[in-house]
1. Could you grab the relative contact order for chain B? Cα pairs under 8 Å, six or more apart, rounded to a whole percent.
2. I'd like the Karplus ³J(HN,Hα) series for the range B:144-150: coefficients 6.51, -1.76, 1.60, θ = phi - 60°, whole numbers in Hz, and an x wherever there's a Gly or Pro.
3. Just to check I understand the Karplus step: with θ = phi - 60° and J = 6.51 cos²θ - 1.76 cosθ + 1.60, what whole-Hz values come out for the range A:86-92, glycine and proline as x?
4. Pop a pseudo-label 7 angstrom from the Cα along the beta-carbon direction at both A:Ala90 and B:His90 and give the gap in nm to one decimal.
5. Pop out the ³J(HN,Hα) list for the range B:21-29 in order, Karplus 6.51 cos²θ - 1.76 cosθ + 1.60 with θ = phi - 60°, rounded to Hz; leave Gly and Pro as x.
6. Using the structure shown, select from B:Lys127/B:Lys169; B:Lys101/B:Lys127; B:Lys31/B:Lys170 the pairs with a Cα to Cα distance greater than 18 angstrom.
7. As a quick test, which of the pairs B:Lys15/B:Lys163; B:Lys24/B:Lys76; B:Lys76/B:Lys163; A:Lys55/B:Lys94; A:Lys53/B:Lys61; A:Lys53/B:Lys57 have an alpha carbon distance above 24 angstrom in this structure?
8. Return the FRET efficiency for the residue pair B:Asp5, B:Thr159: r is the Cβ-Cβ distance, R0 is 35 Å, and the value is rounded to the nearest 0.05.
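The values are calculated or read from the model by the stated rules, or taken from the named source; none is laboratory data. Keep in mind that this is a model prediction, so the values were computed, not measured. Glycine gets a Cβ as well: all are built from the backbone with ideal geometry, and neighbour counts include every protein chain shown. The accessibility values were calculated without ligands, DNA or RNA, using every heavy atom of the protein model including side chains. Shrake-Rupley method; radii C 1.70, N 1.55, O 1.52, S 1.80 Å.
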Amino acid sequence: MKPDNNENLEGMFEIFGDSEPAQASAEDIRQGDRIFKDYPAPQQPQQLIAAVKAKVARELSVRKVTAFRITAGKKVTVFRITAAKVAAVAAVLVVVAAIGLKIFDTGPNSDATPTVALIPAAIWDSNDIAADDAVLAGLIAEVNEIEGEALALQLGENGGNGYSDLSELEMDYVETNSDFWKG
Amino acid sequence: MAEIDVLGQIIQGCKAGEPESFNKLIDIYAKRCYGYFYRLCGSSQTCDDLLSELFVKLVAKIGTFRGGSFEGWLFKTASNVFHDYLRDKHQQRKLLEHRAKQLQSESTEPKRTEDPQIDNLQIQLAKLDADTRELITLRYYSQLSFKELAKMRAEPIGTTLAKVHRGLKKLRGLMEQ
């Protein structure tokens, strides 16, 4: 060790010292440092060093897992927000399409090309879609299931596997969304 | 300068969460930190715990090191670890009892090590006030300059210089008795 750190002790005592001569004060410091050098502290045991390294390694791995879970949780949240936005846009398009068909419908005796409503009248007028359209009810159930799985991932339930489960969930959503548009 | 570059790389590795970098840091500083803790608490068991706590804490805090004197930052953290330990009232009582035993016991007490001079330094250090004891111990083991010490303690450099001078002079007198 270099206790005096190559400092100019005399110079410092000349500036900051009290009534004692700078050289004597500097020598007091050096002799005091020699005491620590002559009486060294016990050496730390090697097994202590190994134990400290093991604890540090454990702490590092815990922090890595925690950081991964936070990242996965954020991705699930982003996915839910995106899914909600897509569903909202899809609903708007459906409504616009239905209104457009109503506007261009010129009556039963019209020479206009017969059209087929995107949404059957029974469904449009229905107060209970699940009862009136089994296919649509099935798609709704699938969307609810996916939403439940996303929530479970976010809460870390069901022994989720983080990112890989999220990717699988995204694929399920894309498939369900595709089925919805097929009608 | 090369040493500073190597240390800089090790610190960057620690910030990136590399276990090997932390191991290197432990290899470099464990001895000095252990000596610092030992001279402050005088108990090897407590010293083991404090050393362990210091390096585990570094894992969380290394990101807050923004440059400058790494020794200053490290030993400031070590000082905080020691003071956190002291704040535990139960530990404080044990430390006082241990010091009282150190002060009361002379050569009649069986030595913990074969070297009686280590015990003598520990006994004489215990006779200094807590702030002086910590300051002169910190200065020796951290190898910080007076300027860095004064900055760490947020006091004028002249004050730090005077405290260290008085403390070491008194310690030398006690050791020569």
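1. Values: 105 pairs, mean separation 39.3, N = 177.
In percent, rounded to a whole number, it is 22.
2. 7, 6, 4, 5, 5, 4, 4
3. Using θ = phi - 60°, the values come out as 4, 5, 5, 5, 4, 5, 4 Hz.
4. 5.9 nm
5. Values per residue, Gly and Pro as x: 5, 5, 4, 5, 4, 5, 4, 6, 10 Hz.
6. Working: B:Lys127/B:Lys169 13 Å; B:Lys101/B:Lys127 12 Å; B:Lys31/B:Lys170 26 Å.
Distance filter (> 18 Å) returns B:Lys31/B:Lys170.
7. Values: B:Lys15/B:Lys163 36 Å; B:Lys24/B:Lys76 20 Å; B:Lys76/B:Lys163 18 Å; A:Lys55/B:Lys94 26 Å; A:Lys53/B:Lys61 16 Å; A:Lys53/B:Lys57 12 Å.
Going by Cα-Cα distance, B:Lys15/B:Lys163; A:Lys55/B:Lys94 fall outside the 24 Å limit.
8. Working: r = 34 Å, r/R0 = 0.98.
For R0 = 35 Å, the calculated efficiency reads 0.55.
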